[in-house]
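First up is the structure itself, then whatever we jot down about it.
The values are calculated or read from the model by the stated rules, or taken from the named source; none is laboratory data. From a predicted model like this one, the values you see are computed outputs, not experimental measurements. Using ideal geometry, Cβ is built from the backbone for each residue, glycine included, and neighbour counts are taken over all protein chains shown.
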Amino acid sequence: MIEFKKKTPKEVLCVRNHLVSDVNGNMQVLPLLHYPLLDETGIVEHCFTTRMGGVSEDIFSTLNFSFTRGDNPEFVMENYRRVGQVFGKTECDFICTDQTHTTNVLRVGKEEAGFGVTKPRPYTDVDGLITNELGVILSTFYADCVPLYFVDPVHKAIGLSHSGWRGTVGRMGQKTLEAMKEAYGTRAEDVYAAIGPSICQECYEISQDVAEHFYKEFEGHGDEILINKGNGKYQLDLWKTNEIVMLEAGILPEHLAVTNICTCCNAEILFSHRASQGKRGNLAAFLMLK
């Protein structure tokens, strides 16, 4: 059983053990994190991965979803295949971002299925994906940055975005909601959203120049999101900042789940760039309309 070090005792996420078959047909346990709030919508399958249940080795052990960090591509493909089983899909049904810390959001569908896994991506600089098409798995990647999930049960549309400090100060959550409104007519007050496992304030030290961006963009919230440690060093609360972004964009408080699981505090279970000094694989967030 997985035991996380949590910042609050509240059960925001739950761990579910899924049985999947390996390439030889033997059953294996694949533990994945789920948000009960998103499940309540009844229209999506989703998860956030851990390091467990895959086939990758060494620093990528075991459930790595990056083809670009030096892992064996066959191992990575098998990891996708295993998660695909949980969704009732194959590795051909995933659609991946090309994350470069932008606030660019791309509308995708069945024509893009497989991009980033079984086919090369024809796009670059995309940190968010939206769709209203059934059966394609939106896919974003992490090792301390913040996953943002969006489910619109009224217009049957979803979004999934990656938000590091640049995405957060650029209000990636708001940008994703705006893209969904333009594409599908989504209203923020109808959306169920979640802020996923990522680095906590205690573990996330930033420089003064970065802090100044947040003081400027989130005027009046400085004391909520930043701790001044002196000597030009600050600690940033990405969870609270993204919560502010979501609420100011119109998400209802009762429709928003905020993580209490830090990737850096749980580096044995989750990949963390800071904890591993860059020697790591990638976690993934996945979201699909049923």
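Selection of first residues in the range 110-132 that are modelled with pLDDT of 95 or more and of second residues that are of a type in the set (Gly, Ala, Ser) and part of a loop (DSSP other than H, G, I, E, B), restricted to Cβ pairs under 7 Å at least 6 apart or on distinct chains, gives the following pairs, ordered by first then second residue: 131/109. Filtering the range 10-33 to residues that are part of a loop (DSSP other than H, G, I, E, B), within 28 Å of residue 262 (Cβ to Cβ) and either touching a residue at least 40 places away in the same chain (Cβ under 8 Å) or in contact with a strand residue (DSSP E or B) (Cβ under 8 Å, 6 or more places away or on another chain) (or both) leaves 10, 12, 13.
Can you tell me which residue in the range 223-266 is surrounded by the fewest Cβ atoms within 10 Å (Cβ to Cβ), limited to those that are assigned to a helix (DSSP H, G or I), touching a Phe, Trp or Tyr at 6+ places or on another chain (Cβ under 8 Å) and among the β-branched types (Val, Ile, Thr)? Out of the qualifying residues, it is 244. If I filter the range 83-91 for residues that are surrounded by 21 or more Cβ atoms within 10 Å (Cβ to Cβ) and either of a type in the set (D, E, K, R) or over 20 Å from residue 49 (Cα atoms) (or both), do I get at least one hit? Among the residues of the range 83-91, not one is surrounded by 21 or more Cβ atoms within 10 Å (Cβ to Cβ) and either of a type in the set (D, E, K, R) or over 20 Å from residue 49 (Cα atoms) (or both), which makes the answer no. Identify the residue in the range 191-228 that is of a type in the set (Asp, Glu) and out of contact with any helix residue (DSSP H, G or I) (no Cβ under 7 Å at 6 or more places or on another chain) and, among all such residues, is nearest to residue 250 (Cα to Cα). Per the stated criteria, the residue is 219. Within the range 267-288, being part of a loop (DSSP other than H, G, I, E, B) and among the polar types (S, T, N, Q) holds for 272, 277, 282. Residues in the range 156-178 that are in a loop (DSSP other than H, G, I, E, B) and either among the basic types (Lys, Arg) or under 14 Å from residue 252 (Cα atoms) (or both): 156, 171. A count restricted to the range 179-210 and to residues that are assigned to a helix (DSSP H, G or I) and surrounded by fewer than 22 Cβ atoms within 10 Å (Cβ to Cβ) stands at 12. Scanning the range 229-265 for residues being of a type in the set (D, E, K, R) and either in contact with a helix residue (DSSP H, G or I) (Cβ under 6 Å, 6 or more places away or on another chain) or touching a residue at least 60 places away in the same chain (Cβ under 8 Å) (or both) gives a total of 3.
Each row is one residue, and each column tells you yes or no for (1) touching a Ser or Thr at 6+ places or on another chain (Cβ under 9 Å); (2) of a type outside the set (Val, Ile, Thr).
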residue: 121; (1), (2): yes, yes
residue: 136; (1), (2): no, no
residue: 139; (1), (2): yes, yes
residue: 148; (1), (2): yes, yes
residue: 154; (1), (2): yes, no
residue: 162; (1), (2): yes, yes
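Only residues that are within 16 Å of the chain's Cα centre (by Cα) and either at pLDDT below 95 or among the basic types (Lys, Arg) (or both) were counted across the range 99-109, and they come to 0.
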